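Right, one structure below, let's go through it.
Just so you know, all these numbers are worked out from the coordinates, no wet-lab data involved. Everything quoted here is computed from the prediction, not taken from an experiment. With ideal geometry, Cβ positions are generated from the backbone for all residues, glycine too; neighbour counts draw on all protein chains shown.
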Amino acid sequence: IFAVKGRPLIDPLITHFPNLALAERHIYKPKILDELSDAFWPGPLTVVVRKRESIPDIVTAGRDSVAIRIPSHPWFRMLLEELRFPLAAPSANRFGYVSPTDAQHVIDGLGDRISAVLDDGPTTLGIESTILDIRNEGKIRLLRPGPVQREQVMEVTGIEVDSDSLSSQKDDNSIEAPGMLSKHYSPKTKLVLFEEYEEIRDQPTRKTAVILQKRPNHEMTGNEYWLSEDGDLSVVARNLFRLVRALDDGRYNLIYVQSATDYGLGIAINDRLMRASTKLA
Ligand code: AMP
Ligand code: MG
């Protein structure tokens, strides 16, 4: 995995299980994991817990913690059921580049380095799982925002979810884990974030693309693309990486991207955009 992706050995991998009973053999289970598991598994939630000896150090970058998940995809579940061991599995892309959302993306990035792709069509959510650190009983830490939202986790557990570590990762590189590097998920083309169309109205040239959150009602200048018809954030998330990848083929020397409303799924979308971009202001 590390060789194929060009991933540094200090970046720990998420380990996947078909069910909680199997996971329990390899971790020390915090009490709230039952609640979280009932509410969100199988699904796009990863939790960091203390590991047992059976999880090899290479998977956790030598840490005594492991990130675990029970995925919902039927084929991946079938594969996990067949195995007698947990499966460490990252996104199938070169380290640091935009995550893949379909088989062609995987072939584009890794085709010369892997022997097969299990293709069941494009991903349904479009962004990576939410990651929570649940090692500390009284406080949950949000390490990566994703499809499972902070508010949902607080509602299920009744415990405060602290997202402080997110803002500190953005400012410096004293990181919890390299998957959270402030620069990550980046296209080759320079990507600049904006909020209101007025900020960039006069900027675009022939070599500039503009990605909007929804179909614009202004007169279009060309090279304008949108992530959804009406701003539905789950549609935006599903289309985000696909569109960024499609525009990252050398046609443009700059891509402006409008940030999402900083609410609900928009928080995860903006997190990915921040990591992929150079900020305007
Ligand atoms: P991915 O590249 O999507 O497979 O994400 C893996 C990410 O999960 C890593 O880059 C870390 O951010 C996070 N992660 C995995 N294991 C741990 C761990 N033991 N402690 C903290 N974060 C972890
Ligand atoms: Mg990844």
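What the table below lists for this structure:
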quantity: Bridge type composition, the chain - antiparallel percent by DSSP, nearest 5; calculated: 30 percent
quantity: Stokes-Einstein D in µm²/s, Kirkwood radius over Cα pairs - region 1-86 at 4 °C with 1.567 mPa s viscosity; calculated: 97 µm²/s
quantity: Distance between modelled label sites at Phe2 and Ala246, nm, 7 Å Cα→Cβ extension; calculated: 3.7 nm
quantity: Cα-based shape type of region 26-138, given that a ≥ b ≥ c are square roots of the gyration tensor eigenvalues and the cut on a/c is 1.5; calculated: prolate
quantity: Exposure proxy order (Cβ contacts within 10 Å, fewest to most) of Trp41, Trp75; calculated: Trp75, Trp41
quantity: Under-5 Å amide H pairs with Ile14, H placed in peptide plane, nonlocal only; calculated: Ala89
quantity: Fraction of beta bridges assigned by DSSP in region 1-140 that are antiparallel (%, nearest 5); calculated: 55 percent
quantity: Gained length - Asp38 relative to Phe85, 0.36 nm times residue gap less alpha-carbon distance; calculated: 14.7 nm
quantity: Nonlocal Lys pairs with alpha-carbon distance under 23 Å, the chain (8 or more apart, or different chains); calculated: 21
quantity: Alpha carbon convex hull of the chain, projected area averaged over orientations, nm²; calculated: 15.0 nm²
quantity: Relative contact order of region 69-137, defined on C-alpha pairs under 8 angstrom at six or more residues apart (%); calculated: 22 percent
